[in-house]
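Below is one structure, written out as structure tokens; comments come after it.
The values are calculated or read from the model by the stated rules, or taken from the named source; none is laboratory data. Everything numeric in this text was worked out from a predicted model, so none of it was measured. Cβ: placed from backbone, ideal geometry, glycine included. Neighbour counts: every protein chain shown.
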């Protein structure tokens, strides 16, 4: 028998697992119905710290998530895991391999849900934001979101996470190229996996040599999910951020309204933050153009071409959301990009 949205909302707030499971299925299959459910939950606040786990394929993300979940459970924390699997090109479903690798942690206060990308780019399913919000409202202490293997420019998870952990496998190849741009520049914690292998030490050294060049250097933590080396340090770093209330993004819907001079001031602060986090953007030429009231139009020119522009717009889109602004691309060529900022 189906549950009404009212019953589903009450069950979710009571922490009932069947209600959470049904609500997550609703988010996967019917975004409008899930939106109606979340509307009934408007004003309710969860307390979960959202941890994004991302990185290239084969980095050991699922095994790492399982090790983190087990240690968090041992410390009395409750944990929910949203594991995003690649979709089958034939059926559209997920292989659900993540659940096999992290399923050992399912006992006790851990809830694991796998979902398929269903063609979504950026390492996350389109329903992920709703699903994370539902897990938060169900009363968990931490919600871990594990993405499919991502590239440098796939940064959707940074929009959701309070703490963004980028998992960096040793012997990746051209390590300096892998860490030049994109998601690694927005990481709160850089994690080198397979620390019990000889290739881990040079990988850590490579990261430590270049990470300070693009932003305030994030901690770089070597770990081994097999031996347990470094897992305690990583858990401590995540919990320290959670207990200090640190977040890479502000909760959606709670930004102050921006308009007129407030929008311009917010943009100027965003620009300062962009140059602090991604110093390579300092070579961009910017021009503020006339725009309708309530918006700000920015034209960027790059001497380095589309790659630098892509890095800039990806970082600005994330930071704009946290600052209460929406950011969209209006026009683009190989060397120029026009963005329009408005109040979110």
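Filtering segment 216-234 for residues that are modelled with pLDDT of 90 or more, surrounded by 18 or more Cβ atoms within 10 Å (Cβ to Cβ), at positive phi and assigned by TED's automatic domain parsing to the domain that holds residue 75 leaves a non-empty set.
Taking the criterion of being in a loop (DSSP other than H, G, I, E, B) and modelled with pLDDT under 70, the residues of segment 235-261 that qualify are 249, 250, 251, 252, 253, 254, 255, 256, 257, 258, 259, 260. The helices (runs of 4 or more DSSP H) located wholly in segment 1-49 that include 1 or more residues which are surrounded by fewer than 13 Cβ atoms within 10 Å (Cβ to Cβ) and touching a strand residue (DSSP E or B) at 6+ places or on another chain (Cβ under 8 Å) occupy 17-29.
Restricting 311, 301, 272, 278 to residues that are outside the structural domain of residue 188 (by TED's automatic domain parsing) and in contact with a strand residue (DSSP E or B) (Cβ under 7 Å, 6 or more places away or on another chain) narrows the list to 301. Checking each residue in segment 319-344 for being more than 21 Å from the chain's Cα centre (by Cα) and surrounded by 21 or more Cβ atoms within 10 Å (Cβ to Cβ) picks out 337, 339, 341.
The selection criterion, being at pLDDT 80 or above, buried (at least 20 other Cβ atoms within 10 Å of the Cβ) and within 24 Å of the chain's Cα centre (by Cα), holds for residue 316.
For segment 294-313, name all the residues that are in a helix (DSSP H, G or I) and over 26 Å from the mean Cα position of the chain (by Cα). Hits for segment 294-313: nothing passes. In a loop (DSSP other than H, G, I, E, B), buried (at least 24 other Cβ atoms within 10 Å of the Cβ) and modelled with pLDDT under 85 - does that describe any residue in segment 165-183? Yes; the residues of segment 165-183 include at least one that is in a loop (DSSP other than H, G, I, E, B), buried (at least 24 other Cβ atoms within 10 Å of the Cβ) and modelled with pLDDT under 85.
Within segment 123-164, the set of residues being modelled with pLDDT of 85 or more, part of a helix (DSSP H, G or I) and within 12 Å of the chain's Cα centre (by Cα) comprises just one member, 132.
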